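This report refers to the structure that appears directly beneath it.
The values are calculated or read from the model by the stated rules, or taken from the named source; none is laboratory data. Quantities reported herein were computed from a predicted structural model and do not represent experimental measurements. Glycine gets a Cβ as well: all are built from the backbone with ideal geometry, and neighbour counts include every protein chain shown. Heavy atoms of the whole protein, side chains included, go into the accessibility calculation; ligands, DNA and RNA do not. Shrake-Rupley method; radii C 1.70, N 1.55, O 1.52, S 1.80 Å.
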Amino acid sequence: MPKHFIKIRDLGLGGPQKLLKRALAMKKTQHRSSILDGKNLVLIFEKASTRTRLSFEVAVRHLGGQTIFMTDKESQLGRSEPLKDTARVISRYNDGIIVRTFSEEKLEQLIEYSGIPVINALTDQSHPCQVMSDLLTIYERTPDFSKLKVAWVGDGNNMAYSWIEAAMVFPFELALACPVGYEPNSGLLAEAIKSGARITAGNSPEEAVRGAHYINTDVWASMGQEDEQAEREAVFAPFQINAGLMSLAAPDAKFMHCLPAHRGEEVTEDVLESPASIIFDEAENRLHMQKAILEWCFSPGN
């Protein structure tokens with residue numbers, strides 16, 4: 001049976017921790033291998049991308065494989081062909097699918113009909129590759145997660161979803177602050193809290209950031225929400241990460257952002273360019289984490 005990476009919990013019991021260690025080892029050795037030798041992976045991207053596309057394409061090559069990049073405008077994905085038909089055709093030519101799309105229902109169809117590994121490179125519901133890369137960025141600085149507080153400030157979006165999921169399998173404390181009406185998925189949040197995850201969720205950026213070791217945010221209007229930009233700017237203005245908010249965090253707290261960042265909106269220029277900012281370490285770690293994910297998908301066993 002093929003192994004798919006759709007959510008962090010797909011890695012199984014202890015799997016996320018093993019993946020962090022493996023990705024860090026790969027980074028330290030600038031890992032190359034031939035595990036994907038002779039294999040071709042197709043990247044199906046219905047959303048624009050810089051870091052996700054580059055990191056996956058380079059990662060596949062570092063592991064000996066090749067890639068084909070497709071968008072909905074360049075294929076039948078943007079026309080009338082059913083996705084289940086496209087999936088069955090893709091699987092006849094390729095060994096794996098890396099997907100950046102809107103709905104996770106498309107991932108489910110690709111899994112059902114393709115019969116080859118499928119990797120979630122972002123949906124409107126989750127972004128597990130990014131959050132695992134962010135955790136790698138934290139892990140190489142502070143490997144004992146049990147003593148950490150991570151703050152999420154801003155939209156309860158796909159990134160917030162995957163951070164909540166991560167808090168279910170790692171022992172850090174997660175504090176979320178989102179505007180009223182923009183809170184994270186309530187079902188997942190309830191499930192996470194019931195599981196014993198150390199999560200608090202509210203509407204106060206100050207409370208979320210107070211004493212936090214890592215402060216994380218994202219753009220106020222994600223792809224597909226451009227028509228909400230003006231409305232969101234007004235709602236999210238009090239949730240901007242600035243020097244005042246950072247001053248409430250723990251000493252030497254770090255600022256994180258998945259990028260691209262809108263300077264002067266969700267974060268100020270001085271924070272983004274400060275010594276506290278580790279955003280480009282996060283971006284680099286996408287490459288190392290993608291290699292670890294690919295290796296996991298194409299290795300036998302767990």
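The GNM of the chain, with springs linking C-alpha atoms under 10 angstrom apart, assigns the highest mean-square fluctuation among Gly64, Gly115, Gly187 to Gly187. Entry comment: accessible area of the range 64-127 is 51 Å² per residue, from protein heavy atoms only and a probe of 1.4 Å. The modelled label-to-label distance between Arg9 and Ser204, using points 7 Å beyond Cα along the C-beta direction, is 3.0 nm. Here the relative contact order of the range 43-130, from alpha carbon pairs under 8 Å that lie six or more residues apart, stands at 29 percent.
Using a probe of 1.4 Å on the protein chains alone, the accessible area found for Phe145 is around 10 Å². Hey, quick one: spin label on His262, modelled 7 Å out along Cα-Cβ, who in the range 144-166 has an amide N within reach, i.e. under 14 Å? Counting only backbone N, you get 154-156. In the Gaussian network model of the chain, springs joining C-alpha atoms below 10 Å, which of Phe170, Phe239, Phe69 carries the largest mean-square fluctuation? The residue with the greatest mean-square fluctuation here is Phe69. In percent, rounded to a whole number, the relative contact order of the range 96-200 is 22, using alpha-carbon pairs under 8 Å and six or more apart. The label-point distance for Ala234 and Tyr93, in a model that sets each label 7 Å from Cα toward Cβ, rounds to 4.8 nm. Using equal-weight Cα scatterers in the Debye expression, the normalised intensity of the range 6-139 in log10 at q = 0.11, 0.12 Å⁻¹ is -0.40, -0.48.
The helix-only estimate of mean residue ellipticity at 222 nm for the chain, built from DSSP H runs of length n ≥ 4 each weighted as -39500 (n - 2.57), is -11500 deg cm²/dmol after division by the residue total. Of Gly156, Gly14, Gly96, the residue with the greatest mean-square motion in the GNM of the chain, using alpha carbon springs below 10 Å, is Gly14. The residues of the range 1-40 have, on average, 58 Å² of accessible surface per residue, using a 1.4 Å probe with all protein chains present.
Could you tell me what percent of the accessible area of the chain is made up of carbon and sulfur, with a 1.4 Å probe and every protein chain present? Taking all protein chains in place, the chain shows 52 percent carbon and sulfur surface.
Heavy-atom accessible surface of Ile111, to the nearest 10 Å², is about 50 Å², with a 1.4 Å probe and all protein chains retained.
The slack in the chain from Glu74 to Glu140, taken as 0.36 nm per residue of separation less the alpha-carbon distance, amounts to 19.8 nm. Applying Stokes-Einstein at 10 °C and 1.306 mPa s to the Kirkwood radius of the range 115-266, computed over alpha-carbon pairs, gives a translational diffusion coefficient of 102 µm² s⁻¹.
Return, ordered by residue number, the residues of the range 112-144 whose backbone nitrogen is under 19 Å from a label point located 7 Å along Cα→Cβ of Ser186. Only 125 fall inside the zone, counting backbone N under 19 Å.
Working from Cα pairs under 8 Å separated by at least six residues, relative contact order for the chain is 20 percent.
What the range 202-302 shows is 42 Å² of accessible area per residue, with the surface traced by a 1.4 Å probe over protein heavy atoms. Pairs from the table (Lys47/Lys149; Lys84/Lys194; Lys39/Lys149; Lys21/Lys254) lying more than 29 angstrom apart at Cα are Lys47/Lys149; Lys84/Lys194; Lys39/Lys149. In the chain, the longest principal axis of the Cα atoms and the axis of helix 51-62 are about 50 degrees apart.
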